[in-house]
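Worksheet: the structure to be examined is printed underneath.
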Amino acid sequence: EYYHSLIIVPENSDTYSFDDLKDKSFAFVDPLSNSGRYYPLSLLIERATDPSRFFSSHTYTYSHSSSIEMVASGDIAGAAVDSLVFSYMVKKNPVLRKQIRIIDKSPPYATPPIIALDTLDDGIKHKVKQVLLTMHKTIRGKEILDELGIERFDSIEDKQYDSVRRLKTEIIENGF
């Protein structure tokens, strides 16, 4: 499964592109968020600028859902959010979809991994992995996944995260 960074604005705003966010307020999610920070910073790097010069103000919400709610209420002119969280919230509250417009969508990124401590017993890691990889095959597991808006879990290769690593490197090399 893949996800995207979405640049969202209030439905009733006069903002139709990322460039239209110039001199407007913007919400990043978290300093370590690919969809909520790295992607919009890459758009600023393309424009040879930074958040302080491009936006009238910017903030961190530390939550994709908070960013979505701030845009829906008009408290902020734009935000970058995870498409999976956005889809989940719209599914739970369809009114949000009428309050928000997507003006930009990133390339696809591999869905974030589920990780475990190195010190966790290998047998426990294996059991947890097997439960996650097969839960879509059971009635209760499918119910849980459906509630979360997830079809199933799959194993992927580490190299599928290379695009995120490259983006992070670009951000660091540009002083962000």
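Laid out as a table, the results:
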| read-out | value |
| --- | --- |
| Failed item in (1) part of a helix (DSSP H, G or I); (2) within 25 Å of Asp30 (Cα to Cα); (3) more than 20 Å from the chain's Cα centre (by Cα), with Val164 passing the rest | (3) |
| Selection within the range 82-110 - under 17 Å from the mean Cα position of the chain (by Cα), closer than 12 Å to Ile68 by Cβ and open to solvent by 90 Å² or more (accessible area, probe 1.4 Å) | Arg97 |
| Considering residues of the range 19-38 that are among the hydrophobic types (A, V, I, L, M, F, W, C) and more than 15 Å from His4 (Cα to Cα) only, the residue farthest from the chain's Cα centre (by Cα) | Leu21 |
| The range 67-98 - residue that is in contact (Cβ under 8 Å) with a residue 40 or more places away in the chain and β-branched (Val, Ile, Thr) and, of those, nearest to Leu44 (Cα to Cα) | Val81 |
| Residues of the range 61-71 that turn out to be closer than 20 Å to Asp20 by Cβ and open to solvent by 20 Å² or more (accessible area, probe 1.4 Å), as a count | 1 |
| All positions within the range 28-82 that are among the aromatic types (Phe, Trp, Tyr) and in contact with a Leu (Cβ under 6 Å, 6 or more places away or on another chain) | Tyr38, Phe54 |
| Some residue of the range 74-81 being touching a helix residue (DSSP H, G or I) at 6+ places or on another chain (Cβ under 9 Å), crowded, with 18+ Cβ neighbours inside 10 Å and more than 30 Å from Glu147 (Cα to Cα) | yes |
| Residue match in the range 46-60 (condition: crowded, with 18+ Cβ neighbours inside 10 Å, aliphatic (A, V, I, L, M) and either touching an Asp or Glu at 6+ places or on another chain (Cβ under 9 Å) or modelled with pLDDT of 95 or more (or both)) | no |
| Subset of the range 139-176 (residues that are in contact (Cβ under 8 Å) with a residue 60 or more places away in the chain and among the hydrophobic types (A, V, I, L, M, F, W, C)) | Leu148, Ile150, Val164, Leu167, Ile171, Phe176 |
| Residue count for the range 139-149, restricted to those that are in a helix (DSSP H, G or I) and surrounded by 12 or more Cβ atoms within 10 Å (Cβ to Cβ) | 4 |
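Yes or no, residue by residue, for (1) surrounded by 13 or more Cβ atoms within 10 Å (Cβ to Cβ); (2) of a type outside the set (S, T, N, Q):
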| position | (1), (2) |
| --- | --- |
| Pro112 | yes, yes |
| Thr119 | no, no |
| Lys127 | no, yes |
| Glu157 | no, yes |
| Val164 | yes, yes |
| Lys168 | yes, yes |
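The values are calculated or read from the model by the stated rules, or taken from the named source; none is laboratory data. Since this is a predicted model, take the numbers as computed values, not measurements. A quick note on method: Cβ atoms are made from the backbone with ideal geometry, for glycine too, and the neighbour counts reach across all protein chains shown. Ligands, DNA and RNA are stripped out before the accessible areas are found, and what is left, the full protein with its side chains, is counted by its heavy atoms. Shrake-Rupley method; radii C 1.70, N 1.55, O 1.52, S 1.80 Å.
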